[in-house]
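Here the structure is laid out as structure tokens; the discussion comes afterwards.
The values are calculated or read from the model by the stated rules, or taken from the named source; none is laboratory data. Model, not experiment: these values are computed from the prediction. Neighbour counts run over all protein chains shown; Cβ positions are idealised from the backbone, glycine included.
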Amino acid sequence: MPPILELHQKQHVALTPRLQQSVRLLQLSSLEFQHELRQALDSNPFLELDEPAQEDAEPAADAAGELHAAYDAGAAPVPDSPSADTAALAAPDEPAGEYTNEYVNEYANDWPGGTLARPHGDSEDADPGAWAHSQPTMHEQLHVLLNVYPLNDRDHAVAQMVIEALDDDGYLREPLAELAQVCKAEPPLAEEELRVALRLVQTLDKPGVGARSLAECLSLQLQALQEDTPGRALALEIAEHHLERLARREHAELQKQLGCSADALRVASLLVRRLDPKPGEAYVPDADNYVVPDVIVRQVRNQWAVTVNPAVLPRTRIHRLYAEMFAQAPGTSGSPLAQQLQEARWLLRNAEQRFTTIQRVAECIVAHQKAFFDYGEIALKPLVLREVADELGLHESTVSRASSNKYMATPRGIFEFRHFFPRKLATETGGRCSAAAVRAVIKELIAQEDVHDPLSDVSLAKLLTQEGMIVARRTVAKYRNQMKVPPAQLRQR
């Protein structure tokens with residue numbers, strides 16, 4: 001058959017570019033939103049940073065004035081004036097600048113690089129980054145400690161090679177024979193030299209660093225303990241020969257092979273479990289993960305009020321001069337600059353809509369979870385996205401985007417919006433309670449338990465049933481693991 005052209009009418013929903021941008025901005029976190037604004041400021045000439053006016057500094061000045069007035073009135077403590085001795089120290093007979101220059105000139109050669117930075121970084125070529133705090137890595141720390149030992153050049157180089165061969169966990173994964181082949185030295189390195197250097201590295205800093213296996217790592221940590229530590233000898237035997245049985249919790253077989261009592265085995269097992277299987281991670285600096293809250297909840301006249309955090313509000317506006325010049329120029333309606341001006345206006349409107357939606361969702365959450373702010377975690381009620389969406393007249397996906405990666409600063413701490421949407425659990429009376437409330441009760445029961453006879457998951461489930469909360473044992477175990485609480489046998493003392 002020959003090809004035939006046919007026309008069909010079809011209706012479908014299409015997102016405009018502005019609506020797509022609005023949806024994308026809503027689901028961004030506060031830090032991602034700030035990054036988006038910075039990119040727009042760099043690429044769009046019609047956007048400019050709205051610098052705070054001079055009047056914005058008046059509240060700080062007023063606060064300082066109030067503080068000085070409090071000092072004058074005697075309402076605030078006045079710091080003691082410096083004594084004569086302190087004044088004499090602050091103004092020595094010798095000029096401070098000459099003394100400092102003499103000190104620098106005399107001792108500059110004793111510092112690495114032959115120079116010594118002037119105090120307070122006041123030199124013209126001072127590098128501010130040189131004053132920044134930097135935590136040394138595991139390899140750097142071991143190299144520094146190695147320099148304390150009076151070694152000849154060959155032994156020092158061999159120990160340095162062993163340090164560089166350690167992985168991030170602090171283990172030496174490469175066999176000593178392969179290390180000896182890699183190193184080119186005259187005469188060739190013997191495996192015994194590497195073994196001696198490894199033993200030296202193992203004693204430099206944290207016990208366990210430089211181990212070649214998990215058993216050796218745990219043994220080194222146990223050997224570093226005092227000899228009168230309870231269970232130390234039995235724990236060494238377990239770490240060297242019976243780690244797999246301990247991992248499988250074969251306590252009866254372990255007790256039979258070790259020939260010890262159940263109490264002695266329990267003490268030794270707890271000692272082994274408290275050791276660090278990855279000692280190299282202790283040198284890794286903690287990541288500075290900062291959470292910037294999107295809204296702030298305060299109690300005003302016995303009512304909980306929600307305000308948007310001023311720190312995350314966009315300080316961006318349309319560049320009025322450029323916009324007026326562009327409007328007065330003829331024939332610019334279809335130029336690329338017109339598109340950029342329109343995108344700048346869309347961005348500001350969508351940003352305003354973003355914070356309005358977030359505030360509305362936060363206010364609805366606070367209204368539903370008022371008991372949480374009054375009484376704490378145990379009063380958290382079940383809540384789903386559909387309830388908030390129906391109350392605000394929004395789509396459920398919009399509420400989901402507005403609550404994802406958004407945080408709320410409250411008098412009880414900083415919480416993610418999703419924290420206030422716990423799932424529902426049935427109660428004995430046919431009512432409902434939240435999973436967060438169950439976790440709070442479990443935490444309270446564990447805090448009040450006898451440390452010599454801790455509560456098992458079965459006992460916790462029975463106690464929850466007595467409180468009217470029907471929770472299975474495996475659910476109790478899941479909530480306990482979420483709170484990072486060890487099982488009963490590990491909590492026993």
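Summary table
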| read-out | value |
| --- | --- |
| Check on ALA287, farther than 28 Å from LEU28 by Cα and modelled with pLDDT under 95 | no |
| Residue check, LEU460 touching a residue at least 40 places away in the same chain (Cβ under 8 Å) and over 18 Å from ARG423 (Cβ atoms) | no |
| Single residue of VAL312, VAL300, VAL306, VAL292 found to be without any contact (Cβ under 8 Å) to a residue 24 or more places away in the chain and either within 18 Å of GLN359 (Cα to Cα) or within 25 Å of the chain's Cα centre (by Cα) (or both) | VAL300 |
| Matching residues, the range 374-408, being under 21 Å from PRO310 (Cβ atoms) and either part of a loop (DSSP other than H, G, I, E, B) or in contact with a Ser or Thr (Cβ under 7 Å, 6 or more places away or on another chain) (or both) | ALA402, ASN405, LYS406 |
| Filter result for GLU352 (under 23 Å from ALA409 (Cβ atoms) and either in contact (Cβ under 8 Å) with a residue 40 or more places away in the chain or in contact with a Pro (Cβ under 9 Å, 6 or more places away or on another chain) (or both)) | yes |
| Residue within the range 214-223 that is exposed (fewer than 13 other Cβ atoms within 10 Å of the Cβ) and farther than 24 Å from HIS139 by Cβ present | no |
| Residue match in the range 324-346 (condition: surrounded by 12 or more Cβ atoms within 10 Å (Cβ to Cβ), under 34 Å from the mean Cα position of the chain (by Cα) and charged (D, E, K, R)) | no |
| Qualifying residue in the range 247-261 (condition: at pLDDT 90 or above and not in a loop (DSSP other than H, G, I, E, B)) | no |
| Filter pass, LEU348 being under 30 Å from VAL366 (Cα atoms) and not assigned by TED's automatic domain parsing to the domain that holds VAL144 | yes |
